[in-house]
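This report concerns only the one structure given below.
The values are calculated or read from the model by the stated rules, or taken from the named source; none is laboratory data. Here the structure is a predicted model, which means the values were calculated and not measured. Positions of Cβ are generated from backbone atoms using ideal geometry, with glycine treated the same way; all protein chains shown enter the neighbour counts. What goes into the accessible areas is simple: the full protein's heavy atoms, side chains included, and nothing from ligands, DNA or RNA. Shrake-Rupley method; radii C 1.70, N 1.55, O 1.52, S 1.80 Å.
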Amino acid sequence: MIDKTPADSANEEHLLEDILRQATPRPQPSTAARERALRELRGEWRSLTAERRKRRQFLALGAAASIALATLFGLQWFNADTAPALNPQAQILRIDGDAVTVNGQLVAADDFNAMPLSAGDQLQTTRDSHAAIGWGNGSLRLDAASTITMLENGAINLVSGAVYFDSQQYGHDSASRIIVRTVFGEISHLGTQFQARINDAELTLQVREGAVDIKGPRVEVQIAAGESLHVTGNGEIQRRAISSHDPSWQWATEIAPELSLDGRSTADVLNWIGRETGQRVQYRSNQARQLASSEARGIGTLAPIPALRTIPYMTSLDYSIVDGLITVELATPVPVNP
(Lines give C-alpha, C1' and ligand atoms only; values in the text may rest on other atoms or scores of the structure.)
Protein backbone atom coordinates (compact mmCIF):
# COMPACT_ATOMS: atom_id res chain seq x y z
CA MET A 1 0.00 0.00 0.00
CA ILE A 2 1.48 3.33 -1.08
CA ASP A 3 0.74 6.19 1.29
CA LYS A 4 2.24 9.61 0.72
CA THR A 5 -0.25 11.71 2.65
CA PRO A 6 1.33 14.65 4.53
CA ALA A 7 -0.20 13.38 7.78
CA ASP A 8 2.27 10.46 7.70
CA SER A 9 4.95 12.87 8.92
CA ALA A 10 3.37 12.85 12.40
CA ASN A 11 5.00 10.36 14.76
CA GLU A 12 1.69 8.88 15.85
CA GLU A 13 0.72 8.15 12.25
CA HIS A 14 4.02 6.37 11.56
CA LEU A 15 3.59 4.24 14.65
CA LEU A 16 -0.02 3.43 13.83
CA GLU A 17 0.96 2.48 10.30
CA ASP A 18 3.66 0.15 11.68
CA ILE A 19 1.07 -1.49 13.91
CA LEU A 20 -1.31 -2.10 11.02
CA ARG A 21 1.37 -3.30 8.63
CA GLN A 22 2.30 -6.10 11.00
CA ALA A 23 -0.88 -7.78 9.88
CA THR A 24 -0.96 -9.50 6.49
CA PRO A 25 -4.02 -9.28 4.19
CA ARG A 26 -6.45 -12.07 4.74
CA PRO A 27 -9.98 -13.14 3.87
CA GLN A 28 -12.70 -11.03 5.49
CA PRO A 29 -13.01 -11.84 9.22
CA SER A 30 -16.19 -12.32 11.17
CA THR A 31 -18.04 -9.41 12.75
CA ALA A 32 -16.72 -10.37 16.19
CA ALA A 33 -13.15 -10.45 14.87
CA ARG A 34 -13.57 -7.03 13.29
CA GLU A 35 -14.87 -5.54 16.52
CA ARG A 36 -11.99 -7.08 18.47
CA ALA A 37 -9.44 -5.71 15.96
CA LEU A 38 -10.98 -2.27 16.22
CA ARG A 39 -10.79 -2.29 20.03
CA GLU A 40 -7.12 -3.20 19.82
CA LEU A 41 -6.52 -0.48 17.23
CA ARG A 42 -8.13 2.16 19.44
CA GLY A 43 -6.09 0.99 22.43
CA GLU A 44 -2.82 1.26 20.50
CA TRP A 45 -3.80 4.67 19.12
CA ARG A 46 -4.67 6.13 22.51
CA SER A 47 -1.54 4.75 24.17
CA LEU A 48 0.63 6.63 21.68
CA THR A 49 -0.58 10.00 22.97
CA ALA A 50 -0.79 9.15 26.68
CA GLU A 51 2.85 9.96 27.41
CA ARG A 52 2.57 13.48 26.02
CA ARG A 53 -0.27 14.28 28.42
CA LYS A 54 1.96 13.68 31.44
CA ARG A 55 3.86 16.87 30.62
CA ARG A 56 0.86 19.19 30.94
CA GLN A 57 1.60 20.33 34.52
CA PHE A 58 5.04 21.53 33.45
CA LEU A 59 3.43 23.87 30.95
CA ALA A 60 0.99 25.52 33.36
CA LEU A 61 3.05 28.61 34.26
CA GLY A 62 3.81 29.50 30.65
CA ALA A 63 0.17 29.04 29.72
CA ALA A 64 -0.98 31.41 32.48
CA ALA A 65 1.44 34.11 31.36
CA SER A 66 0.21 33.88 27.77
CA ILE A 67 -3.38 34.14 28.92
CA ALA A 68 -2.58 37.53 30.46
CA LEU A 69 -1.40 38.68 27.01
CA ALA A 70 -4.56 37.29 25.44
CA THR A 71 -6.63 39.37 27.85
CA LEU A 72 -4.93 42.61 26.82
CA PHE A 73 -5.57 41.99 23.14
CA GLY A 74 -9.06 40.63 23.69
CA LEU A 75 -10.26 43.77 25.50
CA GLN A 76 -9.99 45.83 22.33
CA TRP A 77 -12.85 43.71 20.93
CA PHE A 78 -14.84 42.83 24.06
CA ASN A 79 -16.01 45.15 26.84
CA ALA A 80 -18.95 43.97 28.93
CA ASP A 81 -19.84 43.37 32.55
CA THR A 82 -21.29 39.93 31.83
CA ALA A 83 -20.39 37.09 29.44
CA PRO A 84 -23.31 36.49 27.05
CA ALA A 85 -23.40 33.20 25.19
CA LEU A 86 -22.04 32.90 21.70
CA ASN A 87 -24.38 32.57 18.77
CA PRO A 88 -23.93 29.87 17.56
CA GLN A 89 -23.10 28.11 20.83
CA ALA A 90 -19.49 26.92 20.80
CA GLN A 91 -18.08 23.99 22.76
CA ILE A 92 -14.76 22.19 22.95
CA LEU A 93 -15.24 18.74 21.43
CA ARG A 94 -11.72 17.36 21.26
CA ILE A 95 -8.28 18.04 22.76
CA ASP A 96 -5.19 16.40 21.34
CA GLY A 97 -1.91 16.38 23.27
CA ASP A 98 -1.31 17.61 26.80
CA ALA A 99 -4.01 20.09 27.72
CA VAL A 100 -5.51 23.47 26.90
CA THR A 101 -6.06 26.47 29.15
CA VAL A 102 -9.51 28.05 29.54
CA ASN A 103 -9.53 31.29 31.52
CA GLY A 104 -6.27 30.36 33.20
CA GLN A 105 -7.37 26.84 34.19
CA LEU A 106 -5.79 23.73 32.66
CA VAL A 107 -8.21 21.37 30.95
CA ALA A 108 -6.62 17.97 30.33
CA ALA A 109 -7.25 15.94 27.19
CA ASP A 110 -7.98 12.78 29.14
CA ASP A 111 -10.49 14.06 31.68
CA PHE A 112 -12.92 16.47 30.06
CA ASN A 113 -16.38 16.33 28.52
CA ALA A 114 -17.73 18.65 25.84
CA MET A 115 -17.17 22.12 27.33
CA PRO A 116 -19.30 25.12 26.31
CA LEU A 117 -17.60 28.47 25.68
CA SER A 118 -19.10 31.94 26.07
CA ALA A 119 -18.14 35.44 24.98
CA GLY A 120 -15.25 36.66 27.11
CA ASP A 121 -13.71 33.20 27.52
CA GLN A 122 -10.04 32.88 26.61
CA LEU A 123 -8.74 29.63 25.17
CA GLN A 124 -5.08 28.72 24.70
CA THR A 125 -3.35 25.60 23.44
CA THR A 126 0.13 24.64 24.60
CA ARG A 127 3.07 23.94 22.33
CA ASP A 128 2.05 20.26 22.38
CA SER A 129 -1.74 20.46 22.10
CA HIS A 130 -4.53 21.23 19.63
CA ALA A 131 -8.25 21.78 20.15
CA ALA A 132 -11.39 21.25 18.09
CA ILE A 133 -14.47 23.37 18.82
CA GLY A 134 -17.97 22.64 17.59
CA TRP A 135 -19.30 25.86 16.05
CA GLY A 136 -22.94 25.38 15.17
CA ASN A 137 -22.78 23.18 12.08
CA GLY A 138 -19.14 24.15 11.56
CA SER A 139 -15.78 23.30 13.11
CA LEU A 140 -13.20 25.68 14.60
CA ARG A 141 -9.73 24.29 15.33
CA LEU A 142 -6.70 25.70 17.14
CA ASP A 143 -3.12 24.85 16.26
CA ALA A 144 -0.46 24.39 18.92
CA ALA A 145 0.62 27.51 20.87
CA SER A 146 -2.45 29.50 19.85
CA THR A 147 -4.60 31.94 21.82
CA ILE A 148 -8.10 33.20 21.04
CA THR A 149 -10.71 35.27 22.87
CA MET A 150 -14.37 34.39 22.35
CA LEU A 151 -16.53 37.34 21.31
CA GLU A 152 -20.25 37.90 20.77
CA ASN A 153 -22.26 37.27 17.60
CA GLY A 154 -20.19 34.43 16.20
CA ALA A 155 -16.77 36.09 16.35
CA ILE A 156 -13.36 35.42 17.88
CA ASN A 157 -10.23 37.46 18.39
CA LEU A 158 -7.10 35.66 17.17
CA VAL A 159 -4.29 36.83 19.43
CA SER A 160 -1.53 34.45 18.38
CA GLY A 161 -0.96 31.18 16.58
CA ALA A 162 -3.41 29.77 14.05
CA VAL A 163 -7.05 28.79 13.65
CA TYR A 164 -8.76 26.68 10.99
CA PHE A 165 -12.47 26.97 10.23
CA ASP A 166 -14.72 24.62 8.29
CA SER A 167 -18.14 26.22 7.88
CA GLN A 168 -19.94 22.91 7.35
CA GLN A 169 -19.16 19.71 9.20
CA TYR A 170 -19.70 16.50 7.26
CA GLY A 171 -23.30 15.36 7.20
CA HIS A 172 -24.87 18.80 7.82
CA ASP A 173 -26.86 20.63 5.16
CA SER A 174 -26.48 24.16 6.53
CA ALA A 175 -23.28 26.14 7.03
CA SER A 176 -22.18 28.29 9.97
CA ARG A 177 -20.52 31.69 9.93
CA ILE A 178 -17.57 33.08 11.85
CA ILE A 179 -15.67 36.38 12.02
CA VAL A 180 -11.99 36.25 12.93
CA ARG A 181 -10.67 39.57 14.23
CA THR A 182 -6.94 40.26 14.20
CA VAL A 183 -4.66 43.27 14.55
CA PHE A 184 -4.51 43.28 10.73
CA GLY A 185 -8.25 43.44 10.19
CA GLU A 186 -11.46 41.44 10.22
CA ILE A 187 -11.67 38.13 8.36
CA SER A 188 -15.03 36.91 7.05
CA HIS A 189 -15.87 34.13 4.62
CA LEU A 190 -18.29 32.68 2.10
CA GLY A 191 -18.93 28.99 2.88
CA THR A 192 -15.38 27.80 3.20
CA GLN A 193 -12.44 26.04 4.74
CA PHE A 194 -9.62 28.41 5.65
CA GLN A 195 -6.86 29.03 8.16
CA ALA A 196 -5.41 32.23 9.57
CA ARG A 197 -2.04 32.39 11.30
CA ILE A 198 -0.32 35.25 13.14
CA ASN A 199 3.42 34.86 13.51
CA ASP A 200 6.08 37.51 14.20
CA ALA A 201 3.65 40.39 13.62
CA GLU A 202 2.65 38.98 10.21
CA LEU A 203 -0.55 37.34 8.99
CA THR A 204 -0.87 34.35 6.67
CA LEU A 205 -4.35 33.58 5.33
CA GLN A 206 -5.00 30.39 3.33
CA VAL A 207 -8.21 29.28 1.63
CA ARG A 208 -8.92 25.62 0.94
CA GLU A 209 -12.51 25.99 -0.21
CA GLY A 210 -14.80 28.96 -0.89
CA ALA A 211 -13.60 32.56 -0.48
CA VAL A 212 -12.41 34.84 2.34
CA ASP A 213 -12.44 38.62 2.78
CA ILE A 214 -10.07 40.58 5.00
CA LYS A 215 -10.69 44.26 5.76
CA GLY A 216 -8.38 46.39 7.88
CA PRO A 217 -6.55 49.72 8.10
CA ARG A 218 -3.90 48.63 5.57
CA VAL A 219 -5.50 45.79 3.68
CA GLU A 220 -8.85 45.12 1.99
CA VAL A 221 -8.84 42.13 -0.31
CA GLN A 222 -10.63 38.87 -1.12
CA ILE A 223 -8.87 35.57 -1.76
CA ALA A 224 -10.34 32.40 -3.25
CA ALA A 225 -9.77 28.67 -2.89
CA GLY A 226 -6.22 27.66 -3.73
CA GLU A 227 -4.74 31.00 -2.68
CA SER A 228 -2.50 32.05 0.20
CA LEU A 229 -2.11 35.66 1.31
CA HIS A 230 0.80 36.96 3.40
CA VAL A 231 0.45 40.40 5.04
CA THR A 232 3.35 42.12 6.79
CA GLY A 233 3.12 44.67 9.58
CA ASN A 234 3.59 47.57 7.16
CA GLY A 235 0.78 46.38 4.90
CA GLU A 236 2.81 44.65 2.18
CA ILE A 237 0.85 41.83 0.54
CA GLN A 238 2.10 38.70 -1.18
CA ARG A 239 -0.10 36.14 -2.93
CA ARG A 240 0.75 32.60 -3.95
CA ALA A 241 -1.00 29.41 -4.98
CA ILE A 242 -1.49 26.63 -2.45
CA SER A 243 -2.91 23.13 -2.93
CA SER A 244 -5.72 21.73 -0.81
CA HIS A 245 -3.37 18.96 0.41
CA ASP A 246 -0.37 21.19 1.18
CA PRO A 247 1.47 20.12 4.37
CA SER A 248 0.44 23.36 6.06
CA TRP A 249 -3.10 21.93 6.40
CA GLN A 250 -1.86 18.80 8.18
CA TRP A 251 -2.41 19.93 11.76
CA ALA A 252 -6.07 20.76 11.03
CA THR A 253 -6.63 17.25 9.68
CA GLU A 254 -5.06 15.69 12.77
CA ILE A 255 -7.39 17.53 15.16
CA ALA A 256 -10.51 17.14 13.01
CA PRO A 257 -13.62 16.13 15.00
CA GLU A 258 -14.20 12.40 14.98
CA LEU A 259 -17.09 10.99 12.96
CA SER A 260 -19.39 8.10 13.82
CA LEU A 261 -18.88 5.65 10.97
CA ASP A 262 -21.62 3.22 12.00
CA GLY A 263 -24.18 2.74 9.25
CA ARG A 264 -22.11 4.59 6.62
CA SER A 265 -20.86 3.07 3.40
CA THR A 266 -17.14 2.96 2.68
CA ALA A 267 -17.70 5.50 -0.11
CA ASP A 268 -19.30 7.90 2.36
CA VAL A 269 -16.38 7.51 4.76
CA LEU A 270 -13.86 8.06 1.94
CA ASN A 271 -15.63 11.24 0.84
CA TRP A 272 -15.40 12.58 4.39
CA ILE A 273 -11.70 11.65 4.58
CA GLY A 274 -11.07 13.32 1.22
CA ARG A 275 -12.68 16.57 2.36
CA GLU A 276 -10.81 16.60 5.66
CA THR A 277 -7.44 15.91 4.01
CA GLY A 278 -8.00 18.06 0.91
CA GLN A 279 -7.59 15.06 -1.39
CA ARG A 280 -9.73 13.72 -4.23
CA VAL A 281 -11.09 10.17 -4.20
CA GLN A 282 -11.11 8.04 -7.34
CA TYR A 283 -11.84 4.36 -7.97
CA ARG A 284 -9.66 2.06 -10.02
CA SER A 285 -12.64 0.10 -11.33
CA ASN A 286 -16.43 0.03 -11.33
CA GLN A 287 -16.25 -3.06 -9.13
CA ALA A 288 -14.33 -1.13 -6.49
CA ARG A 289 -16.82 1.74 -6.66
CA GLN A 290 -19.79 -0.61 -6.31
CA LEU A 291 -18.23 -2.44 -3.40
CA ALA A 292 -17.47 0.86 -1.62
CA SER A 293 -21.08 1.98 -2.08
CA SER A 294 -22.62 -1.20 -0.76
CA GLU A 295 -20.26 -2.40 1.93
CA ALA A 296 -21.53 -1.14 5.30
CA ARG A 297 -19.23 0.29 7.93
CA GLY A 298 -19.49 -0.65 11.59
CA ILE A 299 -16.29 0.47 13.26
CA GLY A 300 -17.41 3.14 15.71
CA THR A 301 -16.07 6.70 15.86
CA LEU A 302 -12.68 7.70 14.45
CA ALA A 303 -10.68 10.67 13.19
CA PRO A 304 -9.94 10.85 9.42
CA ILE A 305 -6.45 9.31 9.27
CA PRO A 306 -7.15 6.36 11.60
CA ALA A 307 -10.37 5.74 9.67
CA LEU A 308 -8.44 5.63 6.41
CA ARG A 309 -5.93 3.18 7.88
CA THR A 310 -8.68 0.72 8.81
CA ILE A 311 -10.11 0.37 5.29
CA PRO A 312 -7.80 -2.42 4.04
CA TYR A 313 -8.39 -4.36 7.26
CA MET A 314 -12.14 -3.86 7.61
CA THR A 315 -13.17 -4.12 3.93
CA SER A 316 -12.16 -5.90 0.73
CA LEU A 317 -10.61 -2.68 -0.61
CA ASP A 318 -7.15 -1.17 -0.65
CA TYR A 319 -5.94 2.35 -1.43
CA SER A 320 -2.91 4.40 -2.40
CA ILE A 321 -2.24 8.14 -2.10
CA VAL A 322 -0.17 10.04 -4.66
CA ASP A 323 -0.15 13.81 -5.28
CA GLY A 324 -3.39 14.53 -3.45
CA LEU A 325 -5.33 11.66 -5.04
CA ILE A 326 -6.73 8.72 -3.04
CA THR A 327 -7.05 5.79 -5.45
CA VAL A 328 -9.28 2.94 -4.23
CA GLU A 329 -9.09 -0.55 -5.69
CA LEU A 330 -10.03 -4.13 -4.95
CA ALA A 331 -7.70 -5.79 -2.48
CA THR A 332 -5.36 -8.39 -3.96
CA PRO A 333 -6.41 -11.91 -2.89
CA VAL A 334 -3.97 -13.64 -0.57
CA PRO A 335 -2.54 -16.88 -1.97
CA VAL A 336 -3.27 -19.86 0.26
CA ASN A 337 -0.52 -22.46 0.65
CA PRO A 338 -1.74 -26.03 0.30
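Residue pairs, Cβ under 7 Å, 6 or more apart or interchain, first in the stretch 149-164 and among the aromatic types (Phe, Trp, Tyr), second open to solvent by less than 10 Å² (accessible area, probe 1.4 Å). List them.
164/141; 164/195; 164/252
Among the candidates 258, 254, 276, which residue alone is touching a Pro at 6+ places or on another chain (Cβ under 8 Å) and closer than 17 Å to residue 306 by Cβ?
Only one candidate qualifies: 276.
Quickly run through the stretch 206-254 and pick out the residues that are open to solvent by less than 40 Å² (accessible area, probe 1.4 Å), at pLDDT below 95 and either among the basic types (Lys, Arg) or assigned to a loop (DSSP other than H, G, I, E, B) (or both).
Within the stretch 206-254, 216, 219, 232, 235 meet the criteria.
Which count do you get for residues in the stretch 86-118 that are part of a strand (DSSP E or B), under 26 Å from residue 170 (Cβ atoms) and of a type outside the set (Val, Ile, Thr)? Spell out how you get there, then give the answer.
Residues of the stretch 86-118 part of a strand (DSSP E or B): 86-97, 99-102, 105-108, 115-118.
Narrowing further to those that are under 26 Å from residue 170 (Cβ atoms): 86-97, 100, 107, 115-117.
Then keep just the ones that are of a type outside the set (Val, Ile, Thr); that gives 86-91, 93-94, 96-97, 115-117.
Within the stretch 86-118, residues that are part of a strand (DSSP E or B), under 26 Å from residue 170 (Cβ atoms) and of a type outside the set (Val, Ile, Thr) number 13.
Within the stretch 191-205, take every residue that is in contact with a Gly (Cβ under 6 Å, 6 or more places away or on another chain) and more than 21 Å from residue 233 (Cβ to Cβ) and give me the one that is most open to solvent (accessible area, probe 1.4 Å).
So the residue we want is 191.
Which condition number in (1) over 26 Å from residue 230 (Cβ atoms); (2) open to solvent by less than 20 Å² (accessible area, probe 1.4 Å) is the one that residue 162 fails?
With respect to (1) over 26 Å from residue 230 (Cβ atoms); (2) open to solvent by less than 20 Å² (accessible area, probe 1.4 Å), residue 162 is out only on (1).
Okay, residues lined up against (1) under 22 Å from residue 153 (Cβ atoms); (2) surrounded by 19 or more Cβ atoms within 10 Å (Cβ to Cβ); (3) at pLDDT 90 or above:
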| site | (1), (2), (3) |
| --- | --- |
| 101 | no, yes, yes |
| 109 | no, yes, no |
| 113 | no, no, no |
| 116 | yes, no, yes |
| 120 | yes, yes, yes |
| 127 | no, no, yes |
| 130 | no, yes, yes |
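Every residue in the stretch 119-139 that is part of a strand (DSSP E or B) and closer than 15 Å to residue 104 by Cα, please.
Of everything in the stretch 119-139, those that are part of a strand (DSSP E or B) and closer than 15 Å to residue 104 by Cα turn out to be 122, 123, 124, 125.
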